[in-house]
Structure formats: C-alpha cells, structure tokens
C-alpha cells in the first residue's frame, strides 16, 4: 500500500489566543472520511468553527478552522499523526499517478487491557481525575467497574485499549503507572495491568440487561418539539432538500443550534447511510446558530429524488441533532442511576470523551460515583454504548435529579 505525501495533513496554528487554527487535509477520498476526521478533532477537544469540503470522488480537499478551550493545550504533532492514520492510502500506477485503492477490510480489533488499582479513599472527583490521565495517555476506556468498600477504600477496574498499541510493553505500562501514581499520590495502594480475557475482548456487550422502561424512555424516535431539561428541541432544527441547484447532486441545507461535535454527528449519520459528499460548507453563526450546506449523492452516484428516502434521511438528521446522546436519571432500587447512551457508527466507534464529560459533570456537582458499567447494547437494529452510573446515596440528597440530568447534558453538548 502506498504512502501519503508530507502535505496530506497540514496544521497552521493560531498566532494569537482566540484565533482559529487551520487544518488542511489533501488525500484520496472514501465514504465516511469526513466522519473519521471530525471524530479525531473532537477527541482532541477542538470545535470546528467553519469548514470547506470538496471532492471529485477520487481525491478530496478538506479545510477546517478549529478552536480549543483557553485551558486546553493541544498536541498538534500528535493530532496530525492521528489524522494521517484515517486518510486512505494510495497505490502508484506505472504513470506515477496515484489512485485510490478502497480499503474493504476492517482493521483488527485492538487488544483490551485491564487496569486494576486500589485506593485508600474514594474522594469526590477521583474517577474523573483517573479518566483525565487516561485520555492524556491516549488510552480509551471501554468498560469500568468501580467498587467502594465499607471502610471507604475503592477498587477501580478499567478495561482500556491503547491508541498507540504499546500497552503490552513494559515501558508503556511503567509510563501509565507513573502518571496515575503522580496523580493519586499516597492514595494508591496497588496497581496492576494485564491483558483482558477473551470474554471481555470479544463480548463488549456485557451482561447487563436494559429493562423496557429504560429503552422506551431513552430510545423513542418521536420528536415533541418542546424544551425539556436543556435538550435541543425539534423546532430549532431545520433540514431541507433541494434538487434544483445541481444536475447531479442533492443539496441538504441545515440550520440548528450549535453544540459540541455537531459536524461529527452530521457526518456520522451520512456515513451510516453510505451518502457521499461532493462539496460542503459550514460555519457557526451569531446567537449560537450553525449553518450547513452539503451537496450529496447516493453510493451509486445518483441524487436523492425519492420523497420517501428524503423523509427518512431528514428525520434521522433531525433526530441526531436534537438528541445525539440520550440521558436519563432514574431509580434503580434504592439507588439513583444515571444512564447515557452513545450511538455507535458502522465502523464500531462512538462519540469520544463521553465518559470524561460524564465524570466532569458529576464532579462539578460534588457527587461521588459509587459504581459504573459500560456495555454495548443492540436496540432496534442499532448499536449503542450505554453508560450506567450509580451515584453515591449520601451526596444526591440535596441535588435534584433534573439538575443532574441538565448538568450532564450541558457538558456533553458543550453548552
């Protein structure tokens, strides 16, 4: 397989604080490339202020203007490396012209490792601090088990994958232990890293059963058009189709309220439907509005002229922009349980940093986390990554459930 040129991904950093950083991607095209690029940008804590996308079906040129939080220090060299990894490779022909060679084979699933450690006390914000360190190390949390002993000690079992694929080496394990030990200090009693068993590696669904009352409330597909607990409302999302402006493409025009990962949510939806983007332009507008224009076509190269197909795609786009993630707070016996459902795309990946945002929200409310379970569930022919968080009973007495839900949603949506 061929290699990409040095200028396949170019990052021009902002000169002054508050300015946009320019990311340019110039590489072979593939269906879903925009989704993969946007997911990585979101993973690095960056927001897309505006963008430009164009392709002839074989080669694409993408420009993103991105901005991060003032407190965020972006590792630009690492970001460029991760963006290059999702760009399709090319195969040189005799004429030295590079042609795109489709990559039909899915990559092998990464190895899953178990991080197990005991701490002397279960302080507020402990799990969030651990999650933050793991994010900085590029370790992705797949499943979590947190157990709090009667004496206050806590045992964390975290099943993770390594983006660098080096966690099997002693050097990488020592780096992980050192970073966690630096953060936990004298609170750490013991720490172990081992390769997870086949049951975890090949059965990410886990054993947890979701009762009907949960699935009915969280995964209903109806839009009410009303404002509930800080959630986007359907009447604030406009999706229209136009087949008159181009002889070969359908124009999709979207106007909605801005939120974190908005372009990723759109690109993820189009990827799931095998929709190709020929040209696109999008940008943030005043009053937290976002406007998107995309010239698209179906996988067979035709416009979307069937009214039924337009209606299905329109409904799905509106739903993904109204409720990109599902959040509920409810009773689980005597306990209070927070549930967050993260949709998984066809490549098996969900929105990044969801667990980080959940733990950040819970920490900001001064609530301890008693236990966590993350598992994959198939609901209505769609896969979801479901986070089930049991909150400490003593900390939630003075915090209404509506406030917990609203705070979690605001963190996930970046409001």
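Just so it is clear, none of the values below were taken in a lab; they were calculated from the coordinates. Bear in mind the structure is a predicted one, so any value in this text is a computation, not a measurement. Because the Cβ atoms are built from the backbone with ideal geometry, glycine has one as well, and the counts that use them run over all protein chains shown.
Would you mind calculating the gained length between residue 157 and residue 401 on full extension (0.36 nm times residue separation, minus the Cα-Cα distance), in nm to one decimal?
Residue separation times 0.36 nm, minus the Cα-Cα distance, leaves 85.1 nm.
Can you tell me the order of 77-86, 129-138, 43-52 when each peptide is scored by its average per-residue count of other Cβ atoms within 10 angstrom, highest first?
Descending packing order for the listed peptides: 43-52, 129-138, 77-86.
How do 20, 377, 168 rank when sorted from fewest to most other Cβ atoms within 10 Å of their own Cβ?
The order, fewest Cβ neighbours first, is 168, 20, 377.
Between rounded, prolate and oblate, where does region 293-415 land on the alpha carbon gyration tensor, with a ≥ b ≥ c its root eigenvalues, rounded for a/c under 1.5, else prolate if a/b exceeds b/c?
It comes out prolate by the Cα gyration axes.
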